[in-house]
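Peer 1: Questions regarding the structure given below will be posed in turn.
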Amino acid sequence: MKKLIFPLLLSAPLLGLAQTAITSTDSTAARVMMGNYDPAAYAAATVINDPAIIAAELRSAISADSLHKWLDVLGSFQNRNTGSDTISAVRGIGAARRWIFSKFSEFSARNDNRLIPSYLQFDETICDITRHRNVFAVLPGTDTSDRSVILIEGHMDSRCVGLCDTTCVAKGMEDNGSGTALVMELARVMSKYSFKRTIVFVATTSEEQGLNGANAFAVYAQAHGIKIKGVLNNDVIGGVVCGHTSSPPSCPGFKQVDSTQVRLFSFGGFNSFHKGLSRFIKLEYKEMQLPFATVPMAISIMTAEDRTGRGGDHIPFRQKGFVAMRFTSANESGDANVSSTSYVDRQHTSSDSIGVDNDLNGSLDEYYVDFNYLSRNTLINANAAAMMALGPKTPDFTLSATPGTLNVNLTAETGYPQYRVGVRTTTNDWDSVYTFSGGSTTFNVPVAGTGNHIVSVASVDDKGVESLFSKELQTSVVAGFDLVPARKAPIELLQNAPNPADEATMITVLVNGHQAYKEAFLSIKDMNGREVRRMPVSLEEGVNEVIYDHGYNMSGIYIYSLVVDGKVIDSKRMTFTN
Ligand SMILES: [Zn+2]
């Protein structure tokens, strides 16, 4: 996980400035990602494409032991720094990427040669190395009609305290051997099935020095018209032990363990497809896997795109216009502030190992990576990716409200047997998801509450699989018995979401119609009336959102007020908890 320092400078490559000669070493892999292929050439001898069967089989097929094995081998390369050895057969990033490629080939051979391994190569001077390779594998879809592809990715490069130190031990087991092992395990398990859409399994390089491998892939996809439907980035996804430090929103305290929660980070708030993807992942898990889970997982949809001051591979994809999100474990060992003399945690150090042999008897007696936790996160990924690769097309709709009711009117993709309507108010997640049988294109959704409601819609096909959810629309609902709908205020300050929040929250100002004004800002005050922050806000017609990054360890109630041209329009309370 890269530490953000003057992000614009470090991320010059993010602007695609320093990267050249981006190419796929296997041209077939490239053509398939572009949708130019004959699906019959990749047909499985035994076609398994039933979503219920796939979802059930994934539960037992994903193996904690297999994930452990991949991690052991990844650790054996000692140092997978972007600048490390590319020639050695046993040490360095070259050996690592060739090994991953060979495993992809092995998985392909076991599945009618349907998986196509390749490297995405690019030239750029990073850590004194001028040529770099992401390694990926393409599982062609059976239907090229919409040509969209799903990416499951994680960075394979590791680091110790020195950003380009290639001599230290840098096994990078939590960061990010865990995500790389997850990608490999899904290539092994999912290559057996026949999905409508193409799935691409990617292990990137050079994430630590600036998200460079992911940027090269995003630039390549954009340049070649590859329709990425969604990116599932997995980074620091296997550890369960909290460090002395961790990047906000932080974990609860040193040595605290959490092996039943995973965090989903994504950009934006209202009408963000990145948040929509995170909600879809959670819904599919809740409905298709949770009822069968021996250890249920809690999925948290975080407000911010990443932890404070941190970044990840999902960001270059989002910046290139692709829908992308990131999975990260609830607990991390360290905020990666390695330059601090008091830093004793494992992230970004030679101590990011698989475990420790405390009694020096030659066998590990404490594991830092929890393989069962990692396999649960692997299942959440597999389930979502499978449904994205099998599901119907996303509908479109218009929204209005009558007292106590949301009126949804479908305008596109109206022929599916069922539809889901997701409704949310004050959190990143849906309060409720309603199901409507098809035949009609208008749905009246009775809602209990009043005020602002945010709605999105998904299609459901005859196998019961949801599409990704549509754009979000919002409207204000008045109580059912209010005969005379209340007149909308020209400017509405909405309740922040999430509320209560732990570290960051989204404050939304709804502007009904054009507003002439000179200055508008949000004033945040503590309960003693002391202003702790002032944030300018624009009053464009419609939704105006501001992320308020409150910081950590400052629990309590705060008042936020919207001030326009010196006049307080409205104030609301918000609560922060640790
Ligand atoms: Zn990482």
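The values are calculated or read from the model by the stated rules, or taken from the named source; none is laboratory data. Please read all numbers here as calculations on a predicted model, not as lab measurements. For neighbour counting, all protein chains shown are included, and Cβ atoms are generated from backbone atoms with ideal geometry for every residue, glycine included. Accessible surface is based on the protein model in full, side chains and every heavy atom, while ligands, DNA and RNA are left aside. Shrake-Rupley method; radii C 1.70, N 1.55, O 1.52, S 1.80 Å.
Peer 1: Select from the range 283-329 the residues that are small (Gly, Ala, Ser) and within 16 Å of the ligand (Cβ to nearest atom) and list them in ascending order.
Peer 2: Step one: filter the range 283-329 for residues small (Gly, Ala, Ser), giving 293, 298, 300, 304, 309, 311-312, 321, 324, 329.
Correct list: GLY309, GLY311, GLY312, ALA324, SER329.
Peer 1: Further question: Out of (1) buried (at least 23 other Cβ atoms within 10 Å of the Cβ); (2) under 24 Å from PHE270 (Cβ atoms); (3) among the hydrophobic types (A, V, I, L, M, F, W, C); (4) more than 14 Å from the chain's Cα centre (by Cα), what's the single condition that is false for ALA324?
Peer 2: Answer for ALA324: the failing condition is (4).
Peer 1: Of the residues GLY269, GLY230, GLY253, which single one is away from the ligand (no atom under 16 Å from the Cβ), out of contact with any Cys (no Cβ under 7 Å at 6 or more places or on another chain), modelled with pLDDT under 95 and assigned by TED's automatic domain parsing to the domain that holds ASN377? Even if it seems obvious, please write down each step before you answer.
Peer 2: Numbers: GLY230 fails: modelled with pLDDT under 95; GLY253 fails: out of contact with any Cys (no Cβ under 7 Å at 6 or more places or on another chain).
Testing whether each residue is away from the ligand (no atom under 16 Å from the Cβ), out of contact with any Cys (no Cβ under 7 Å at 6 or more places or on another chain), modelled with pLDDT under 95 and assigned by TED's automatic domain parsing to the domain that holds ASN377 leaves just GLY269.
Peer 1: Here's a check for you: in the range 163-210, which residue that is among the small types (Gly, Ala, Ser) and away from the ligand (no atom under 16 Å from the Cβ) is farthest from the chain's Cα centre (by Cα)? Spell out the reasoning first.
Peer 2: Narrowing the range 163-210 to residues among the small types (Gly, Ala, Ser): 170, 172, 177-179, 181, 187, 191, 194, 203, 206, 210.
If we keep only those that are away from the ligand (no atom under 16 Å from the Cβ) too, we end up with 187, 191, 194.
Working: ALA187: 19, SER191: 22, SER194: 24 Å.
Among residues in the range 163-210 that are among the small types (Gly, Ala, Ser) and away from the ligand (no atom under 16 Å from the Cβ), the one farthest from the chain's Cα centre (by Cα) is SER194.
Peer 1: On to the next question. If you scan the range 252-262, which residues turn out to be surrounded by fewer than 22 Cβ atoms within 10 Å (Cβ to Cβ) and not aromatic (Phe, Trp, Tyr)?
Peer 2: Going through the range 252-262, the residues surrounded by fewer than 22 Cβ atoms within 10 Å (Cβ to Cβ) turn out to be 252-261.
The answer is PRO252, GLY253, LYS255, GLN256, VAL257, ASP258, SER259, THR260, GLN261.
Peer 1: So, of the residues in the range 390-406 that are of a type in the set (S, T, N, Q) and surrounded by fewer than 17 Cβ atoms within 10 Å (Cβ to Cβ), which turns out to be modelled with the lowest pLDDT? Break it down stepwise before answering.
Peer 2: Filtering the range 390-406 for residues of a type in the set (S, T, N, Q) gives 394, 398, 400, 402, 405.
Next, from what is left, pick out any that are surrounded by fewer than 17 Cβ atoms within 10 Å (Cβ to Cβ): 398, 400, 402, 405.
Values: THR398: 97, SER400: 94, THR402: 89, THR405: 93.
Residue satisfying both the conditions and the ranking: THR402.
Peer 1: If ASP112 passes every condition in (1) in contact with a strand residue (DSSP E or B) (Cβ under 9 Å, 6 or more places away or on another chain); (2) assigned to a loop (DSSP other than H, G, I, E, B); (3) surrounded by fewer than 16 Cβ atoms within 10 Å (Cβ to Cβ) but one, which one does it miss?
Peer 2: For ASP112, the failing item is (1).
Peer 1: Looking only at residues in the range 150-162 that are under 16 Å from the mean Cα position of the chain (by Cα) and not charged (D, E, K, R), which one is nearest to THR328 (Cα to Cα)? Steps first, answer last, please.
Peer 2: Let us first name the residues in the range 150-162 that are under 16 Å from the mean Cα position of the chain (by Cα), namely 150-155.
Filter once more, so that each one left must be not charged (D, E, K, R): 150-152, 154-155.
Values: ILE150: 19, LEU151: 16, ILE152: 14, GLY154: 11, HIS155: 13 Å.
By that ranking, first place goes to GLY154.
Peer 1: Also, quick follow-up: Right, TYR343: at pLDDT 95 or above, of a type outside the set (S, T, N, Q) and buried (at least 21 other Cβ atoms within 10 Å of the Cβ) or not?
Peer 2: Details: at pLDDT 95 or above: yes; of a type outside the set (S, T, N, Q): yes; buried (at least 21 other Cβ atoms within 10 Å of the Cβ): no.
No; evaluated as a whole, the condition is false for this residue.
Peer 1: Right, here's the next one. Return yes or no: is THR308 β-branched (Val, Ile, Thr) and either surrounded by fewer than 23 Cβ atoms within 10 Å (Cβ to Cβ) or not assigned by TED's automatic domain parsing to the domain that holds ALA382 (or both)?
Peer 2: Values: β-branched (Val, Ile, Thr): yes; either surrounded by fewer than 23 Cβ atoms within 10 Å (Cβ to Cβ) or not assigned by TED's automatic domain parsing to the domain that holds ALA382 (or both): yes.
Answer is yes for this residue.
Peer 1: Tally time: how many residues in the range 127-169 are open to solvent by less than 10 Å² (accessible area, probe 1.4 Å), assigned to a loop (DSSP other than H, G, I, E, B) and not polar (S, T, N, Q)?
Peer 2: Total meeting the criteria: 5.
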